[in-house]
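Since the structure comes first, as structure tokens, the remarks are kept for the end.
Bear in mind that the values in this text are calculations on the coordinates, not laboratory data. Bear in mind the structure is a predicted one, so any value in this text is a computation, not a measurement. Here the Cβ positions follow ideal geometry from the backbone for every residue, glycine too, while neighbour counts run over all protein chains shown.
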Amino acid sequence: MRGAPAAGQRRAPRRPAACALLLALLAAAAGAAVAATQPSGEPRRAAAGGAGGAPPPPLRAFVVLCSAEAAALVAAHARVRAVVPDLLLRVPRGGRPAAGDGGGGDAPPPDNGTDPTFEGCARVASLARGVPAVPGPGFAWPGCHGAGTRLLWAGERCGEGLRQVRFTALLAVSRDGGELAAAEDGAPCVLLPDPANRAWTRRVFGAGCGAAPGHAPGLPTRICAAPGQPCFSGGAGAGGGEAGGAAGGGAPAPAATVTARMALSAPVACGDEAAAELTYTGVRCGPGGAHVRWVRAATPGGCALASTAAAEAGGDGATAMGGAEAALALRREYQLFGSCGVPPGLLLRGGLTDTACLPPLAGAGGAALDGADGAGAGAGGGAAAPGQARVMPKARVLPGELVPAGVEAIGAAAGGRVADVGAVPPAARVCVAVVDCGVDASHPDLNYVAGLSWLAPTPDYPAADDAGVDAGGHGTAVAGVAGARNNGAGTVGVSPGVGLWSLKVSNDGVTAPLSAVLSALAWAAQFGRSHGIRVEWFHEVRGLACPVVDAASAAGLLVVAAAGNDGADMHRLLPNACPGAAAVSHVNNVKPGRRAYAAKGSNWLPASAPAAVRARIIAAPGSSITSTASLTLYASGYNTAGGSSFAAPHVAGVAANCVMSGGCGANATGGAILATLQAAAAARAAADPAFGFRGDPSQPLGGRYYGWLVASAW
């Protein structure tokens, strides 16, 4: 019984061991199964007639599909705990969104202009841009406060550990485009504190550090502390103190100055240039030098910009309704340079350096932190390989590419740049394996590597044994979300051009034998990394299912599971209930300028679930996802669909980038990779008020827990 694979199984070509294969199980399954693999790593299917008198092979958790007679023989073996009848699983999948629904989710909550920050704390990136709030009925600002404008309170960090907020400017901006409004006389709609009128200042700006304005008592007065982001603690933290060093004392102290190239949300005029990005120089500031204040910037053409003392103008003589010059100077200062521990307001939302909490520098001379090209350190921790950066190298999105809204929303296409997998050293590259209904190997926008099928041909599906044929369309679509190429045509994925494996367990993308799903999992856990694999996926019969999932995680594969589209508690589903799996909920309405929210159909966890369980759920965009499509079904090669199974590949792509950049560690377990992704997601949500969604942990909905929105920090 150890001969060549049975019909319906494709033998995978050998891959260098250095190419870790990232396995992403992007379907959602339920039940339990019987499955086994041979020591060679090739899947095996027992003959329908029974065991043929041969002794059953050594079993770990599962056996192969077989007749009832053979199953009885297997069940009688002393090493077998149970034999479970195979199940035909329903794969939760989305379709075209209903008209006006944005993917079958809740109607978006009304935007009443109130503070989008959470639980009384401010995300640090909001301070330079301004925190929105609606003042009380006693507030009046003729010519500036009206139906066509909204108010933003800008401020700085203050107090012990820079954990509190002092409001230093009030701006009125247009509701349509966000431009600074002007009064009827042309004066800019900016107010500064007036030291000569303390009563008015208290009402408009508060009594000082940690105090909310009397007209807007709901404004946050403390800085949000993101889990896993120690730089908010006021100590050396992620930014590092100048006297600090790595554990063991072997690393040099961080330099006093840092540089970073940052993409901007709007061009900045300097000389004859209109620069879309600036190279910043900053100095350490705050307790222990844990934060940065940016003091100089240069355009690509060499035009220089410098910070001014205008940041201290508020409180030094600016009048209540006058001081237009000082007001505009302060506005410019905040937009271009921010303040200590607060990034510039013009930074592109989604940029890798959208927070001033910076990691320790690589050397005493001050290595550049290049958020655009991957020369610096990314969020999330984990040891980088020698000579390897913690941020992926980047490339410009080529003309002709469509950047899907989901890819942009999680920061994977910040500043018009995406990860450049081709620039990663070959030994550090990983692959993403799609456990689904096949991946179209002929699609020009996909880097198809190889595949295996656990199915046999039938009259309806004569190519069931070919993992490179996708008759259902689902596998090719999720593969494109994770890895569509940046080649000047079609769409671009989260990890453009990443190698793709197809582990075929379904013909139509709607149903799949659980035995095939578990066999694919078991194969990946045992042989995936040796074939160049690293991300995965999986109902009841938990005792049989979880050992396979946990083995995959221990082998360094992240098991990524679609949470499902039933609008129900997911904690009884597998692999969501397994400690080694990551469950992905889905978010609607991620288009720029619109407020995202948890999809009505997405599954969730009770908010009362233990923290260790909540740590296994993470969210991603899942509505109106445009991606690659099987050329057998769509002549154009592209289609739009949605659901949690389209959210999961966003997480798989981010995980692939994290591993390739060194941010997740070359030998990290699946659980460690997920923990790194969770920390980066929470830190990004704390740093940027525009990031996240209604229903994330900062904006909970009805006792349901959907997790943080995954952030492409690498």
In Å, the C-alpha Rg and Dmax of the stretch 579-653 are 14.6, 48
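So what is Rg over Rh here for the stretch 144-224, counting just Cα atoms and using Kirkwood for Rh?
Numbers: Rg = 13.5 Å, Rh = 13.3 Å.
Taking Rh as the inverse mean 1/r over Cα pairs, Rg/Rh reads 1.01.
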Other-chain or far-sequence residues with amide H under 5 Å of residue 169's (modelled H):
154
Two-decimal Rg/Rh of the stretch 431-486 from alpha-carbon positions, Kirkwood Rh?
0.97
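Among 134-147, 262-275, 514-527, 206-219, how do they line up by average Cβ neighbours within 10 Å per residue, starting with the highest?
The most tightly packed comes first, giving 514-527, 206-219, 262-275, 134-147.
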Between the modelled labels at residue 283 and residue 207 (7 Å from Cα along Cα→Cβ) the distance in nm is 3.3
Distance in nm between pseudo-label sites at residue 200 and residue 566 (7 Å out along the Cβ direction from Cα)
6.2
Pairs of alpha-carbon atoms within less than 8 angstrom and 6+ residues apart define the contacts here; what relative contact order does the stretch 614-684 have, in percent?
28
Label zone at residue 442 (point 7 Å along Cα-to-Cβ), backbone N below 20 Å, the stretch 502-520
502-504, 507-509
If we sort 484-495, 418-429 on the protection proxy, mean other Cβ atoms within 10 Å, highest first, what's the order?
484-495, 418-429
If I take R0 = 25 Å and measure r between the Cβ atoms of residue 402 and residue 266 in this structure, what FRET efficiency does the formula 1/(1 + (r/R0)^6) give, to the nearest 0.05?
0.65
The stretch 544-680 - Debye-derived log10 I(q)/I(0), Cα point model, q = 0.10 Å⁻¹
-0.35
Calculated from backbone phi, Karplus (6.51, -1.76, 1.60) coupling profile of the stretch 161-173 in Hz, x at Gly/Pro
x, 6, 9, 10, 10, 10, 7, 10, 7, 10, 10, 10, 10
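How far, in nm, would the chain grow between residue 187 and residue 77 when pulled straight, counting 0.36 nm per residue and subtracting the alpha carbon separation? Present the calculation step by step, with values, prior to reporting the outcome.
Working: separation 110, 0.36 × 110 = 39.60 nm, distance 8.69 nm.
Net length gain for the segment: 30.9 nm.
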The extension gain from residue 69 to residue 456, computed as 0.36 nm times the residue separation minus the Cα-Cα distance, is 137.2 nm
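What number do you get for the stretch 614-674 when its Cα radius of gyration is normalised by 2.2 N^0.38 Å, N = residues? Can you show the working numbers first?
Values: Rg = 14.8 Å, N = 61, 2.2 N^0.38 = 10.5 Å.
So the stretch 614-674 has a normalised radius of gyration of 1.41.
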